[in-house]
Amino acid sequence: MKKTDFLWGGSIAAHQCEGAWDQDGKGIAIMDLVTQGTYEQPREICTKIEAGKKYPSHEGIDFYHHYKEDIALFAEMGFKALRISIDWSRIYPLGDEQTPNLLGVQFYQNVVDELLKYGIEPIVTLYHFEMPVHLVNNYGSWTNRKVIEFYLNYCETMFKALKGKVRYWATFNEMNHIDPQTEASDIFTYIISGLKYSDLKNKKQTLATISYHMTLASVKAVKLAHDIDSNFEIGCVFGLTPAYPLNCDPENVLNSFKETDREFYQIDAMCSGKFPAYKLKEYAKAGIDLTISQEDEIAFAQGKIDFIGLNYYSSSVAHYEGDHENEETLFGGVQNPYLQQSKWGWAIDPTGLRYLLNYLYRRYSLPIIITENGLGAIDHLETDGTIQDDYRIEYIEQHIEQVKKAIVEDYVECFGYLTWGPIDLVSATTGEMKKRYGFIYVDKNDDGTGTFTRIKKKSFNWYQNVIRTTTFD
Ligand code: BGP
């Protein structure tokens with residue numbers, strides 16, 4: 001990978017910010033259906049706020065119409081990079097067409113041009129939970145190999161449309177949460193594949209097939225990207241959580257290692273050039289059948305990623321047999337008594353970020369970019385119009401400190417740090433607007449009120465100063 005300036009910036013996803021869910025030829029994507037109510041509710045488009053339901057993500061923060069204003073604010077903060085995602089259903093509304101929706105393509109060309117105008121490096125994720133629903137209903141989502149072809153067709157359209165403008169690409173966001181070997185999280189199965197975990201017939205087999213097809217789609221997209229432009233740097237983004245042992249009982253230590261490691265097999269496949277043999281043996285033992293053709297083997301060998309994107313929010317403590325007193329957390333396991341939790345119960349653990357950076361770099365020797373990190377919090381708009389988000393400053397400051405140590409003391413090759421949601425947007429797991437991550441406040445509430453006005457928080461100037469002054473000497 002060629003040398004680049006450290007990429008300070010932020011990360012957003014189409015479905016959480018764009019809004020305009022039915023404009024300019026866009027189709028319906030998984031996430032247009034998921035956050036109204038919860039994933040347990042029947043899937044439907046709801047355009048009005050109803051009691052007890054969540055803010056509809058298909059209004060987002062109306063980035064579709066505010067992107068110039070928002071990018072100007074990112075530029076004011078001194079961003080060197082912005083990670084965006086492309087909503088597949090804007091480009092191919094149904095997913096299986098041959099001809100793209102040019103208005104959709106044009107929108108992303110406009111966004112990228114706007115970024116380049118300010119010297120901000122666009123980093124483009126091709127799949128951040130935005131699969132056209134038609135592919136779920138008519139093809140069974142990623143259970144069907146045919147969907148790989150549709151995905152590659154869409155990737156090719158975007159590689160060609162943004163060639164010469166975009167250098168960094170990510171094939172997928174957080175496919176690692178599809179986990180065939182544990183009681184998989186319903187919400188992640190749903191938002192990643194559009195399928196409901198509880199509805200799946202042969203759960204382990206189905207999830208293994210989904211995961212395998214997504215991994216295969218990723219390696220094929222990498223090869224395609226390199227064929228289209230050898231200057232493309234193409235990686236994949238993983239949301240990782242180190243699991244700590246509850247105590248030094250060797251059984252617990254081993255258990256926590258396995259807990260951390262079980263979401264790494266897709267990265268192994270993408271970095272080593274072959275689907276890991278240990279995983280196939282585990283699958284065989286669990287009665288899961290995966291047939292890897294010779295053609296697939298070639299695809300793995302030819303589709304090694306150039307970098308790893310790391311989303312990091314929290315660590316966890318691995319399950320301890322017999323411990324029934326502690327509540328389970330979203331990340332699984334029990335609460336860590338040494339750490340504070342966010343309002344949503346996510347353990348705040350800056351050291352865990354350094355731990356993971358080391359783990360990943362020593363295992364793969366690939367450059368890493370932190371593609372998401374941040375604190376979801378409830379902000380208060382004071383009567384004088386300010387937002388005093390010192391808690392957010394503290395969280396990010398502590399995490400950056402650990403990134404610095406990883407780079408300077410541990411020699412990890414980390415080439416960027418992007419905060420999640422530098423502008424407030426809709427939460428992926430809860431569908432709420434009140435769970436805010438931004439340096440920029442958006443006047444929009446869960447009851448649908450608000451004007452979409454953007455307001456700088458206290459952290460805005462603070463992050464601006466971080467970008468201006470931080471070095472890694
Ligand atoms: C990651 C997703 C993001 C983002 C983030 C925070 O897993 O990649 O899309 O939403 O989590 O989660 P939430 O929005 O639920 O707070």
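Checking each residue in the range 446-457 for being assigned to a loop (DSSP other than H, G, I, E, B) and either more than 16 Å from the ligand (Cβ to nearest atom) or at pLDDT 95 or above (or both) picks out 447, 448, 449, 450, 451, 452, 453, 457. Considering the range 151-268, the qualifying helices (runs of 4 or more DSSP H), each wholly inside and each with 2 or more residues that are modelled with pLDDT of 90 or more and within 29 Å of residue 101 (Cβ to Cβ), run over 186-193, 203-228. Is it true that some residue in the range 149-158 is under 19 Å from the mean Cα position of the chain (by Cα) and within 16 Å of the ligand (Cβ to nearest atom)? The answer is no, given that none of the residues of the range 149-158 is under 19 Å from the mean Cα position of the chain (by Cα) and within 16 Å of the ligand (Cβ to nearest atom).
Condition test on residue 391, is it aromatic (Phe, Trp, Tyr), surrounded by fewer than 21 Cβ atoms within 10 Å (Cβ to Cβ) and either free of Cβ contacts under 8 Å to residues at least 40 places away in the same chain or farther than 23 Å from residue 11 by Cβ (or both)? Yes: the conditions hold for residue 391. For beta carbons closer than 7 Å, sequence separation of 6+ or different chains, a first residue in the range 209-221 that is within 13 Å of residue 192 (Cβ to Cβ) and a second that is modelled with pLDDT of 95 or more and of a type in the set (D, E, K, R), the qualifying pairs are 213/145.
Among what's in the range 411-427 and is under 16 Å from the mean Cα position of the chain (by Cα) and among the hydroxyl-bearing types (Ser, Thr, Tyr), pick the residue that is farthest from the ligand (Cβ to nearest atom). Explain how you work it out, then say what you get.
Within the range 411-427, the subset under 16 Å from the mean Cα position of the chain (by Cα) is 416-427.
With among the hydroxyl-bearing types (Ser, Thr, Tyr) added as a condition, the list becomes 417, 419, 427.
Working: 417: 16, 419: 11, 427: 4 Å.
For the range 411-427, the residue satisfying everything is 417.
Here is a list: 97, 130. Which entry is part of a loop (DSSP other than H, G, I, E, B) and surrounded by fewer than 17 Cβ atoms within 10 Å (Cβ to Cβ)? I'd like the intermediate steps shown before the answer.
Values: 130 fails: surrounded by fewer than 17 Cβ atoms within 10 Å (Cβ to Cβ).
Matching residue, one of 97, 130: 97.
Yes or no: residue 460 farther than 14 Å from residue 7 by Cα, outside any loop (DSSP other than H, G, I, E, B), in contact (Cβ under 8 Å) with a residue 12 or more places away in the chain and of a type outside the set (Val, Ile, Thr)? I'd like the intermediate steps shown before the answer.
Numbers: farther than 14 Å from residue 7 by Cα: yes; outside any loop (DSSP other than H, G, I, E, B): yes; in contact (Cβ under 8 Å) with a residue 12 or more places away in the chain: yes; of a type outside the set (Val, Ile, Thr): yes.
So residue 460 passes the test.
All conditions but one from (1) more than 25 Å from residue 306 (Cβ to Cβ); (2) assigned to a loop (DSSP other than H, G, I, E, B); (3) modelled with pLDDT of 95 or more; (4) more than 16 Å from the ligand (Cβ to nearest atom) apply to residue 375; the one that does not is (4).
Just so you know, in the range 94-132 the residues that are touching an Asp or Glu at 6+ places or on another chain (Cβ under 9 Å) and among the aliphatic types (A, V, I, L, M) include one that is farthest from residue 70 (Cα to Cα), and it is 103.
Name every residue in the range 274-323 that is within 16 Å of the ligand (Cβ to nearest atom) and of a type in the set (Ser, Thr, Tyr), in order of residue number. Show your work before the answer.
Taking the range 274-323 first, the residues within 16 Å of the ligand (Cβ to nearest atom) are 308-316.
Once the filter is applied, which keeps residues that are within 16 Å of the ligand (Cβ to nearest atom) and of a type in the set (Ser, Thr, Tyr), the range 274-323 yields 312, 313, 314, 315, 316.
On inspection, residue 118 qualifies as more than 16 Å from the ligand (Cβ to nearest atom), farther than 29 Å from residue 190 by Cα and surrounded by fewer than 19 Cβ atoms within 10 Å (Cβ to Cβ). Restricting the range 159-184 to residues that are within 25 Å of residue 260 (Cα to Cα) and without any contact (Cβ under 8 Å) to a residue 60 or more places away in the chain, the residue that is farthest from the ligand (Cβ to nearest atom) is 183.
Screening 216, 195 for residues that are more than 16 Å from the ligand (Cβ to nearest atom) and closer than 20 Å to residue 29 by Cα leaves exactly one candidate, 195.
The values are calculated or read from the model by the stated rules, or taken from the named source; none is laboratory data. Predicted model, so just to flag it, every value in this text is computed and none were measured. As a convention, Cβ positions derive from the backbone with ideal geometry for all residues, glycine included, and neighbour counts pool all protein chains shown.
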